[in-house]
Amino acid sequence: MVQFRKDLAHLENYKIEKMAKYNLGDNENHLIDWSFLPEKLGKELDLTDIMCYGDNQYAPLLKKYAKNLGVETNQLVQGVGSDQLIHMIVTTFLNKEDTLLTVGPDFFMYQVFNELHGAQIATFPLDWTQGYPTLEALALLDYAKGVEAKVLILSNPNNPTSVAFENGQLEQVIAGFDGLVVIDEAYIDFADQPSLVNKVTDYNNLIVLRTMSKAFGLAGLRLGFAITNPILAKELDKVLPPYSMPNIVARTGELALSYGQNVAESVELNKEIRDDFIAFLLQQPAMKVLPSQTNFVTFTAPYAEKIYQAGLANDFNFKYYPQGSLANYIRMSMDAPAIMGKMKKIIEMVSADEQ
């Protein structure tokens, strides 16, 4: 009889039964026009890109992305999305008896990959005394010491709350933590504060994760990067499976990096629509909105679940949290003004019934 790991019995298959017409649940960037990309890519692809394994150093892609960030290529490790890199970091730097520390709430896949690896996990609860989650460095460092954490990983801006932590607090954590610190900056392009990429050579224990899924609007590529010092980059690169990234993905990413202005314009449009949507939400009765620094907005009201049900009924997909620290909160990413207008009408309809 085949034996399964009992410690993984609680995991469920992550499959979407139905694709909604209006997907505001995956934090994708729908506001960038890549309609020209497939045709342009087709003209540049070589037959060897699909017939041969090719260059598993992905040198042209890394060279172009390094230039985009202002770093050296030996500071980069490519991955099949940030997810693969998170998985590889856990595998590379944690033994089974070691503890991975994250904050709560945060990206759920940190815990999943840690469970798959079989290491220990601890969660530091963020402080909500100001009405939204904040991070205080000394409290986090004290907690990390108490649980004997070896690796600390957190997203900034935070997913799912949309809140960004102060860079000063983050640097204090990096400097004071006796282990590896991983800052997942999937949404940093939408934030008003700078990335910590330019700090990776200042600290010997820092890895910054970036992705082309969000600001670049290329979620289907599954293309991410780890940026760190050359020593950590070499160690992380050791555990990556050879040829794990398809050549077509690397070539598409390389091509897309030539259109940085398109990305920047779509980021600004996302922020404009986000700020307009926040202003609308704040006009609704008993509505609370977290201060977003991402391309999504996290909010709640006594009638939040009714908004969620009404959204489902109108072929919308977005996240509703029935329990936990975000109980009765909604997380909703931005889309074109016409689609957000439909959502506004749904919210207005629900809120009017509550008055």
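Is region 232-242 home to any residue that is closer than 30 Å to residue 33 by Cβ and in contact (Cβ under 8 Å) with a residue 12 or more places away in the chain?
No, region 232-242 contains no residue that is closer than 30 Å to residue 33 by Cβ and in contact (Cβ under 8 Å) with a residue 12 or more places away in the chain.
Just the residues that are part of a helix (DSSP H, G or I) and out of contact with any Leu (no Cβ under 7 Å at 6 or more places or on another chain), please, taken from region 249-263.
Across region 249-263, the qualifying residues are 260, 261, 262, 263.
Applying the selection to region 100-150, what residues are more than 16 Å from residue 175 (Cα to Cα) and of a type in the set (Phe, Trp, Tyr)?
Within region 100-150, 107, 108, 110, 113, 124, 128, 132 meet the criteria.
So which residues in region 1-43 are in contact with a Lys or Arg (Cβ under 7 Å, 6 or more places away or on another chain) and part of a helix (DSSP H, G or I)?
Residue satisfying the conditions is 41 alone.
Take region 288-299 and flag every residue that is surrounded by fewer than 19 Cβ atoms within 10 Å (Cβ to Cβ) and of a type outside the set (Lys, Arg).
Scanning region 288-299 gives a single hit, 291.
Looking only at residues in region 50-107 that are surrounded by fewer than 18 Cβ atoms within 10 Å (Cβ to Cβ), in contact with a Ser or Thr (Cβ under 7 Å, 6 or more places away or on another chain) and touching a residue at least 40 places away in the same chain (Cβ under 8 Å), which one is nearest to residue 220 (Cα to Cα)?
This residue is 54.
Just to be sure I understand, how many residues within region 264-299 are in contact with a strand residue (DSSP E or B) (Cβ under 7 Å, 6 or more places away or on another chain), over 19 Å from residue 158 (Cα atoms) and among the polar types (S, T, N, Q)?
So the answer is 0.
What pairs come up if the first residue lies in region 288-300 and is under 17 Å from residue 327 (Cα atoms), the second is among the polar types (S, T, N, Q) and part of a loop (DSSP other than H, G, I, E, B), and their beta carbons are under 6 Å apart, counting only those six or more places apart or on different chains?
Within 6 Å, the pairs are 290/161; 290/162; 298/161; 298/162; 300/328.
Take the residues in region 313-355 that are of a type in the set (A, V, I, L, M, F, W, C) and free of Cβ contacts under 8 Å to residues at least 12 places away in the same chain, then tell me which one is nearest to residue 301 (Cα to Cα).
That would be 327.
Given the structure, is residue 327 over 30 Å from residue 36 (Cβ atoms) and open to solvent by 20 Å² or more (accessible area, probe 1.4 Å)?
yes
Restricting attention to region 301-316, report how many residues are open to solvent by 20 Å² or more (accessible area, probe 1.4 Å) and either closer than 22 Å to residue 18 by Cβ or hydroxyl-bearing (Ser, Thr, Tyr) (or both).
Of the residues in region 301-316, 8 are open to solvent by 20 Å² or more (accessible area, probe 1.4 Å) and either closer than 22 Å to residue 18 by Cβ or hydroxyl-bearing (Ser, Thr, Tyr) (or both).
Output the number of residues of region 1-49 satisfying the condition of being modelled with pLDDT of 95 or more, open to solvent by 50 Å² or more (accessible area, probe 1.4 Å) and over 26 Å from residue 162 (Cα atoms).
Result for region 1-49: 5.
On the basis of being under 19 Å from the mean Cα position of the chain (by Cα) and farther than 24 Å from residue 179 by Cβ, does residue 55 make the cut?
For residue 55, the condition - under 19 Å from the mean Cα position of the chain (by Cα) and farther than 24 Å from residue 179 by Cβ - is not met.
When only residues in region 197-207 that are of a type outside the set (S, T, N, Q) and free of Cβ contacts under 8 Å to residues at least 40 places away in the same chain count, which is surrounded by the most Cβ atoms within 10 Å (Cβ to Cβ)?
That would be 206.
The values are calculated or read from the model by the stated rules, or taken from the named source; none is laboratory data. Being a predicted model, the structure only gives us computed values, none of them experimental. As a convention, Cβ positions derive from the backbone with ideal geometry for all residues, glycine included, and neighbour counts pool all protein chains shown. Protein only, heavy atoms only, side chains kept; ligands, DNA and RNA dropped before computing areas. Shrake-Rupley method; radii C 1.70, N 1.55, O 1.52, S 1.80 Å.
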